[in-house]
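Heads up, the thing below is written out as structure tokens.
Values in this text are rule-based calculations from the coordinates and carry no lab data. What you see is a predicted model, and the numbers here were worked out from it, not measured in a lab. Here the Cβ is made from the backbone with ideal geometry for all residues, glycine too, and neighbour counts use every protein chain on show.
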Amino acid sequence: MINTGGNDADALTHPYYQPDYAHQRKPMDSLRLLPLAGRILAHSRFLSLLLIETVHGKNEEMSKFRRERGLKPDIYWFKGATKEPVDPVARTIPPKWDAFRVNMNALLDMISKDGARTVLVAFRENPAQSNDFPDLLRKAFDWTEDTLRDIARERQLPFAPFPAGVISPKNWMDACHLNGAGNREKAAHIIEYVWPVVRAVSTESRK
């Protein structure tokens, strides 16, 4: 089961779009590794919490991974990008440079070669906090869901719309994450899309 996330949509709204997402993320060599002694201590969950807090500090915005919005990437090679965010619905990026579609199809190709079946699940934000997201990002949420639905249709895969409307308001932890009870509500909705796949595989295995 593949359930896409809000970050897939967020990448579409950053300026200087690059198909390798260099416009959104920093190179991994910018991360600091713990020394050997720290890595040994990190086997303890309690000591890990202390190490993360004292050595790396709080990193709520993932600043070590994410590039500040609007900064031009270190390597800027894709000429179809602009310094201004582009409406994801109106943009005209050729399919071969559409990272979300290309990456999703590559992942599905790998799964198919392994002989596994896939159910695609879209991302949706908390309806009660939808206005917390910029208009452009909400459009990007819609675009990624529509694209995922198109891919499912093209590849004849089950597609499960994210059941934002059936999640109890109290079971949203924030604008896009669920607590345990919310995930159980989500599972109860999605299982209806999963059972046909399970039954089909079970029938084929008995032949």
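Listing for the model above:
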quantity	calculated
Within the chain: Cβ-based charge dipole about Cα centre, in debye rounded to nearest 20 (Lys, Arg +1; Asp, Glu -1)	540
Span from the the stretch 147-205 Cα centroid across to the the stretch 96-123 one, whole angstrom	16
Given 72/139; 72/96; 139/186; 96/139; 113/186; 79/139, the pairs whose alpha carbons are separated by over 31 Å	none
Note, ³J(HN,Hα) from phi for the stretch 6-18, Karplus 6.51, -1.76, 1.60, rounded to Hz, x at Gly and Pro	x, 5, 4, 6, 4, 4, 6, 9, 7, x, 6, 3, 10
Placed amide H near residue 66: partners under 5 Å, 5+ positions off or other chain	26
Highest average packing first - 101-107, 142-148, Cβ atoms within 10 Å	142-148, 101-107
Average Cα contact separation per residue, the chain, under 8 Å, 6 or more apart, as relative contact order %	25
Efficiency of FRET from Cβ geometry, residue 51 and residue 76, R₀ 41 Å, rounded to 0.05	0.70
Amide H contacts under 5 Å for residue 178, placed H, 5+ residues apart	173
For the chain, calculated [θ]222 nm from helices alone, where every DSSP H run of n ≥ 4 adds -39500 (n - 2.57)	-13000 deg cm²/dmol
Dipole moment magnitude, nearest 20 debye, the stretch 84-145 about Cα centre, only Lys, Arg, Asp, Glu C-beta charged	280
Selected from 152, 42, 160 as most flexible by GNM, with the chain as the system and alpha-carbon contacts under 10 Å	42
Given [x] 30, 26, 20; [y] 38, 19, 15; [z] 28, 23, 17, the label whose value is semi-axes √(5λ) of the Cα gyration tensor in Å derived from this model	[x]
Placed amide H near residue 160: partners under 5 Å, 5+ positions off or other chain	120, 121, 122
Max mean-square fluctuation residue, GNM over the chain, Cα-Cα springs under 10 Å, options 11, 122, 164	164
Computed over the stretch 103-207: relative contact order in percent, which uses C-alpha pairs under 8 Å that are six or more apart	30
Per-pair calculated FRET efficiency, R0 = 22 Å: residue 183 and residue 114 via Cβ, rounded to 0.05	0.30
